[in-house]
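Structure, as structure tokens:
The values are calculated or read from the model by the stated rules, or taken from the named source; none is laboratory data. Model, not experiment: these values are computed from the prediction. Quick reminder, even Gly has a Cβ in these numbers, built from the backbone with ideal geometry, and neighbours come from all protein chains shown. Note: accessible area is taken over every heavy atom of the protein model, side chains too, but ligands, DNA and RNA are not part of it. Shrake-Rupley method; radii C 1.70, N 1.55, O 1.52, S 1.80 Å.
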Amino acid sequence: MSTAPVWDTGLIKKYDLSGPRYTSYPTAVQFQEGFDLAHYESSAWRSSAINKPLSLYVHIPFCSHVCYYCACNKIVTKHRSKAEEYLDYLFREIDMQASLFGRDQRVEQLHFGGGTPTFLSPDQISAVMDKLRSVFNFGSQNHSDFSIELDPREVDWVMMSRLRDEGFNRISIGVQDLDEKVQKAINRVQPEEQVQSVLDAARTMAFKSVHMDLIYGLPHQTVDGFMNTVNRVIEMAPDRLSLFNYAHLPHRFKPQRRINEADLPSPEEKLEILHQATEKLVERGYVYIGMDHFALPDDELAIAQETDTLHRNFQGYTTHSHCDLIAMGVSSISKVGGVYAQNHVTMDSYQHSIDEGRLPIYRGLTMNRDDEIRQTVINELICHFKLEFADIESRFDLSFRDYFADALEALEPMANDGLIALSEKGIQVEPRGKMLIRNICMQFDNYFKQQIQQQNLYSKVI
């Protein structure tokens with residue numbers, strides 16, 4: 001069965017809404033301040049009691065350059081000394097987190113995000129890894145996924161060698177666009193040679209996976225120009241590739257105010273950029289995973305989707321759904337059992353909590369039964385493009401058609417438009433519905449219905 005989406009401009013325009021990307025359900029918009037830390041701590045103790053495997057996330061917030069399109073939580077500075085103070089607090093948080101979990105819980109997944117994790121020096125990265133290994137059980141790394149986000153402007157072969165020595169086996173390279181005019185407009189000038197050098201190092205040092213990010217909708221982008229980038233990237237043959245939609249929200253993200261709106265591609269041209277890029281990637285052998293993500297057929301993501309074991313979390317698509325996620329660093333979000341917990345987003349608040357001997361968590365959410373049911377439904381649809389009612393009914397002891405009567409009624413127009421096939425047994429997302437999977441999932445989002453007037457909280461689905 002082909003995994004390729006079918007492009008239908010008319011339907012895409014019809015369903016042109018804003019909505020969540022569902023890296024979590026409930027989404028972070030639902031997290032509440034004043035969250036009781038006891039909920040997180042008790043969930044961690046349960047995780048320890050059943051010896052659940054772990055996924056670790058480490059947030060490094062620093063960047064030496066500001067990219068105008070960026071919406072990440074970051075601190076732009078040229079002063080590398082700031083990292084030393086931050087690592088002191090990070091190490092103290094690591095100790096606090098580790099004390100809640102068991103030493104027998106094996107770390108299967110690790111991700112360094114940011115910001116720019118390689119703002120740290122090779123020795124500082126080694127220090128972070130040493131700290132993590134001293135309090136968590138890394139065990140055998142034969143089947144572990146250790147990944148890190150890279151800025152090719154700040155990575156050389158010495159850094160790549162250190163990363164490999166420390167156990168990293170996956171890298172994610174921020175490419176965005178190879179057109180110099182676009183790069184200048186977003187303040188991220190990086191010649192193709194820099195990207196190729198990082199790629200060559202990764203291949204030489206036997207990293208098992210290379211991921212590249214591209215962004216469409218940036219200033220001065222055209223269909224021909226972006227397709228030139230896509231063709232050049234395909235020749236580089238990354239294992240995974242993302243085509244992210246640039247969401248221009250200058251009222252929320254100050255760096256975006258430096259982008260001239262007049263230089264942005266029109267909505268029609270932006271759609272055509274995505275259309276042609278998607279078709280080209282599928283034509284050249286990439287599997288459409290969903291939500292702008294592509295992978296080569298032998299990649300673990302493509303295999304997991306084929307075997308119905310794919311999952312989605314704050315790092316995107318993953319094969320480690322059985323792990324509890326412990327996130328450390330300013331603004332990071334953990335998910336342990338049915339509890340979400342987010343750290344303070346400002347450095348002052350983050351450090352103040354740690355100085356007082358408290359985990360720097362300031363908001364969170366404890367999932368209820370309805371949340372768990374809807375999370376399962378949304379994950380199945382967004383990862384596998386199908387849903388068997390009987391699976392949900394047996395797992396949660398309910399009648400799917402009774403429980404989701406409103407959602408099924410809301411899906412009828414989508415079925416009439418050919419986005420999905422509705423049957424007595426379940427839902428199958430049709431090829432023309434794959435590009436609009438967020439819209440389909442929204443029908444099962446109980447919170448989104450309640451905040452339909454707050455669509456400015458989210459990016460456009462396309």
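Among the residues that make up region 117-139, is at least one of them of a type in the set (Ser, Thr, Tyr), in a strand (DSSP E or B) and open to solvent by 20 Å² or more (accessible area, probe 1.4 Å)?
The answer is no, given that none of the residues of region 117-139 is of a type in the set (Ser, Thr, Tyr), in a strand (DSSP E or B) and open to solvent by 20 Å² or more (accessible area, probe 1.4 Å).
In the list Ser55, Ser18, which residue meets the criterion of being within 30 Å of Gly290 (Cα to Cα) and modelled with pLDDT of 95 or more?
Within the list Ser55, Ser18, the selection yields Ser55.
Return yes or no: is Arg203 free of Cβ contacts under 8 Å to residues at least 40 places away in the same chain and of a type in the set (Lys, Arg)? First the steps, then the outcome.
Details: free of Cβ contacts under 8 Å to residues at least 40 places away in the same chain: yes; of a type in the set (Lys, Arg): yes.
Against the criterion (free of Cβ contacts under 8 Å to residues at least 40 places away in the same chain and of a type in the set (Lys, Arg)), Arg203 qualifies.
Criterion first (at pLDDT 95 or above and either farther than 19 Å from Leu359 by Cβ or surrounded by fewer than 21 Cβ atoms within 10 Å (Cβ to Cβ) (or both)) does Gly34 satisfy it?
no
Over 23 Å from the mean Cα position of the chain (by Cα) and modelled with pLDDT of 95 or more: which single residue out of Leu398, Leu365 fits that description?
That would be Leu398, the only listed residue that is over 23 Å from the mean Cα position of the chain (by Cα) and modelled with pLDDT of 95 or more.
Tell me the residue from Gly337, Gly290, Gly316 that is touching a residue at least 24 places away in the same chain (Cβ under 8 Å), touching a Phe, Trp or Tyr at 6+ places or on another chain (Cβ under 8 Å), at positive phi and not β-branched (Val, Ile, Thr), please.
Residue meeting the stated conditions: Gly290.
I'd like the full set of residues that are open to solvent by less than 10 Å² (accessible area, probe 1.4 Å) and farther than 26 Å from Asp298 by Cβ, limited to region 184-215. I'd like the intermediate steps shown before the answer.
First pass over region 184-215, keeping only residues open to solvent by less than 10 Å² (accessible area, probe 1.4 Å): 186, 190, 195, 198-199, 201-202, 209-210, 212, 214.
If the condition is that a residue be open to solvent by less than 10 Å² (accessible area, probe 1.4 Å) and farther than 26 Å from Asp298 by Cβ, then Ile186, Gln190 are the ones that fit.
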